[in-house]
Amino acid sequence: MFYRSERLLLRPIWPEDWQAIHVGFSDEQTVRSLARVPWPYAEERAHQFANLPINPHVPRFMITIAATSEGIGSIGFETCDDGAALELGYWIARPHWGQGYASEAGFAAIELAQVIGAKRLVAAHFLDNPASGRVLRKLGFERLPTITQRLSVARGESVPSAEYTLELKRSAG
């Protein structure tokens, strides 16, 4: 599955993307903002991530700049424990922060979630990463009223987090 937005191309993650993934995760601040990524991030892990099987029902995408094919991050979904929703997760490499790429990729991912039949998305961010909260609200996610503790593998501890939900519109037809 591919998606072309104004500036970006979302495409499956390929084995040769391991280097862009490793470079992106060589920045500790980027990794500390993610729940499931360890720090330090070894090349072997980048190879493993880039070689995960493609699941069309729970897709993951490399975010590339369409004009150059440069990999600048990834976005994708995980199945929630209850199976009733997909969890959206994303990261953008630090040199590309503040340029609207996370929002642009997020809108594309929401459209793709609707194509695969998802009815609800959830997402979360650590409270010390308010930029991610701004992205989620821009995408239309609603913040839930509680603060939860979420494990940060990189930090080795649970961190206060905000949780969000987005009900997807059903397409006519």
Exercise for review: Would you please give the FRET efficiency between I147 and Q99, computed as 1/(1 + (r/R0)^6) with r the Cβ-Cβ distance and R0 = 35 Å, to the nearest 0.05?
Suggested key: 0.75
Study note, to complete from the structure: Those helices of the chain passing the 15 Å axial Cα length cut-off and the mean Kyte-Doolittle cut-off of -0.5 (DSSP H runs only) are 101-115
Point to revise | Fluctuation leader among L121, L151, L86 - the chain, Gaussian network, Cα springs under 10 angstrom | key: L151
Point to revise | For the chain, calculated [θ]222 nm from helices alone, where every DSSP H run of n ≥ 4 adds -39500 (n - 2.57) | key: -7000 deg cm²/dmol
Review point. Which of these, I54, I63, I110, has the largest mean-square fluctuation under a Gaussian network model of the chain (Cα springs below 10 Å)?
Key: I54
Study note, to complete from the structure: Expressed in angstrom and ordered largest first, the alpha-carbon extents of segment 92-173 along the principal axes are 47, 31, 20
**Study point:** Where labels lie 7 Å past Cα in the beta-carbon direction, separation of V23 and H47 in nm
**Key:** 2.0
Point to revise | Residues whose placed amide H lies under 5 Å from that of R150, excluding near-sequence neighbours | key: V159, S161
Check your understanding: E70's amide H: which non-local residues (gap 5+, or another chain) put their own amide H closer than 5 Å, with H modeled 1.01 Å from N in plane and none for Pro or chain starts?
Key -> I65
Revision key, fill the gap. Which residues qualify? For F61, with a placed amide H closer than 5 Å and at least 5 residues away or on another chain, they are I75, G76
Revision key, fill the gap. Sequence order, segment 22-27: Karplus ³J(HN,Hα) from phi using 6.51 cos²θ - 1.76 cosθ + 1.60, θ = phi - 60°, Hz rounded, Gly and Pro as x, gives 4, 4, x, 8, 7, 9
Exercise for review: Treat the chain as a sphere of radius equal to its Kirkwood radius over Cα pairs and apply Stokes-Einstein at 10 °C in a medium of 1.306 mPa s; give the translational diffusion coefficient in µm²/s, rounded to a whole number.
Suggested key: 97
Exercise for review: Report the full-extension gain for the segment M1 to I54: residue separation times 0.36 nm, less the Cα-Cα distance, to one decimal in nm.
Suggested key: 18.1 nm
**Study point:** Least to most buried among L144, L10 (fewest other Cβ within 10 Å first)
**Key:** L144, L10
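Each value in this text was obtained by applying a stated rule to the coordinates, not by laboratory testing. Treat the numbers as computed from the prediction; the structure is a model and nothing was measured. Cβ coordinates were reconstructed from backbone atoms using ideal geometry, including for glycine residues, and neighbour counts include every protein chain displayed.
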